[in-house]
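Colleague: Encoded as structure tokens, here's the structure I'll be asking about.
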Ligand SMILES: Cc1cc2nc3c(=O)[nH]c(=O)nc-3n(C[C@H](O)[C@H](O)[C@H](O)COP(=O)(O)O)c2cc1C
């Protein structure tokens, strides 16, 4: 299904993180059902595809969202370029691995999602990131087999998140619930611009 007129296009990047992947998927699934004028296009990092498969969520993801793409390299699929030309309202990366967060915080743009985030910032397109490792200490995470694993969130990974918090254009989300608030905020702005006839139709 192609993009229609008066659609708010969102790019949702999924990295290779198992932590809160089910809750994040549920949040986006609900948003997808709630807003008729929202079109969510999904972009998986290579590890993201692997992890979704481990969690047996890949088929559900593909049947829920019309467009699901998998990273080939930093510029393919052609996401960063499309973001820079203003096709998308914003980029959401959720969940974001410690790897992806560290790269963005250091300006390394060598994967599909790190490149897209950094190119979005150059074009003043908002970037929302929900990191897995945002607070130091132990966390409990669910494994693909349902078992619970205790893991340490490293100070160094939290430092990268803190660097992102200070970057102009990036907003850090800590919970999947906050994702819905982001959509609510943007949909209001989008509806207003459509009503005023000033929205760039895609
Ligand atoms: C089942 C599974 C779950 C994982 N969960 C996480 C996670 O929650 N957080 C994290 O930082 N890395 C996690 N990893 C490791 C990342 O997938 C790995 O660092 C990968 O290189 C990240 O690449 P990406 O950032 O391009 O997606 C997980 C790996 C596997 C196999």
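Colleague: For the stretch 99-113, name all the residues that are more than 18 Å from residue 76 (Cβ to Cβ) and either within 11 Å of the ligand (Cβ to nearest atom) or buried (at least 24 other Cβ atoms within 10 Å of the Cβ) (or both).
Modeller: Result: 99, 101, 102, 104.
Colleague: Now for a separate question. When residue 129 is evaluated against the numbered criteria (1) assigned to a strand (DSSP E or B); (2) farther than 15 Å from residue 16 by Cα; (3) without any contact (Cβ under 8 Å) to a residue 60 or more places away in the chain, which criterion, by number, is the only one it fails?
Modeller: (2)
Colleague: As an exercise: evaluate residue 34 against (1) closer than 17 Å to residue 94 by Cα; (2) surrounded by fewer than 17 Cβ atoms within 10 Å (Cβ to Cβ) and give the number of the one condition it does not meet.
Modeller: (1) is the only condition that residue 34 fails.
Colleague: Using the structure shown, decide if residue 86 is more than 16 Å from residue 40 (Cα to Cα) and more than 10 Å from the ligand (Cβ to nearest atom).
Modeller: Here the answer is no, as residue 86 does not meet what is asked.
Colleague: What do you reckon, is residue 20 on the phi > 0 side of the Ramachandran plot and within 12 Å of the ligand (Cβ to nearest atom)?
Modeller: Yes, satisfied.
Colleague: Can you list residue pairs whose Cβ atoms sit under 7 Å apart, with the first residue in the stretch 50-75 being without any contact (Cβ under 8 Å) to a residue 60 or more places away in the chain and the second being assigned to a loop (DSSP other than H, G, I, E, B) and surrounded by fewer than 14 Cβ atoms within 10 Å (Cβ to Cβ)? Count only pairs 6 or more apart in sequence or on different chains.
Modeller: Cβ pairs passing all conditions: 74/110.
Colleague: Within 13 Å of residue 18 (Cα to Cα) and either within 13 Å of the ligand (Cβ to nearest atom) or more than 14 Å from the chain's Cα centre (by Cα) (or both): is that true of residue 51 in this structure?
Modeller: yes
Colleague: Turning to a different aspect of this structure: Only residues that are over 13 Å from the mean Cα position of the chain (by Cα) and near the ligand (Cβ under 10 Å from one of its atoms): list them for the stretch 114-133, please.
Modeller: Across the stretch 114-133, the qualifying residue is only 133.
Colleague: Considering only residues that are touching a helix residue (DSSP H, G or I) at 6+ places or on another chain (Cβ under 9 Å) and either more than 9 Å from the ligand (Cβ to nearest atom) or part of a helix (DSSP H, G or I) (or both), which ones fall in the stretch 60-72? Before you say what the answer is, go through the steps one by one.
Modeller: From the stretch 60-72, those touching a helix residue (DSSP H, G or I) at 6+ places or on another chain (Cβ under 9 Å) are 60-61, 64-65, 68-72; that's our starting set.
Selection gives 60, 61, 64, 65, 68, 69, 70, 72.
Colleague: All but one of (1) closer than 19 Å to residue 190 by Cα; (2) part of a helix (DSSP H, G or I) hold for residue 41; which doesn't?
Modeller: (2)
Colleague: Name the single residue, out of those in the stretch 148-167 being part of a loop (DSSP other than H, G, I, E, B) and away from the ligand (no atom under 14 Å from the Cβ), that is surrounded by the fewest Cβ atoms within 10 Å (Cβ to Cβ).
Modeller: Of everything passing the filter in the stretch 148-167, 166 is surrounded by the fewest Cβ atoms within 10 Å (Cβ to Cβ).
Colleague: Also: Being surrounded by fewer than 20 Cβ atoms within 10 Å (Cβ to Cβ) and away from the ligand (no atom under 12 Å from the Cβ) is the requirement here; does residue 170 meet it?
Modeller: No: the conditions fail for residue 170.
Colleague: Moving to a separate point now. Test residue 92 against the criterion of being surrounded by 24 or more Cβ atoms within 10 Å (Cβ to Cβ), closer than 21 Å to residue 20 by Cβ and either more than 13 Å from the ligand (Cβ to nearest atom) or over 13 Å from the mean Cα position of the chain (by Cα) (or both), and give yes or no.
Modeller: Yes, satisfied.
Colleague: Now for a different question. All but one of (1) within 12 Å of the ligand (Cβ to nearest atom); (2) surrounded by 11 or more Cβ atoms within 10 Å (Cβ to Cβ) hold for residue 145; which doesn't?
Modeller: Going through the list (1) within 12 Å of the ligand (Cβ to nearest atom); (2) surrounded by 11 or more Cβ atoms within 10 Å (Cβ to Cβ), residue 145 breaks only (2).
Read-outs: derived from the displayed coordinates by stated rules, not from any lab. In this text, all values refer to a predicted model and were calculated from it rather than measured experimentally. So basically every Cβ, Gly included, is an ideal-geometry build from the backbone, and we count neighbours across all protein chains shown.
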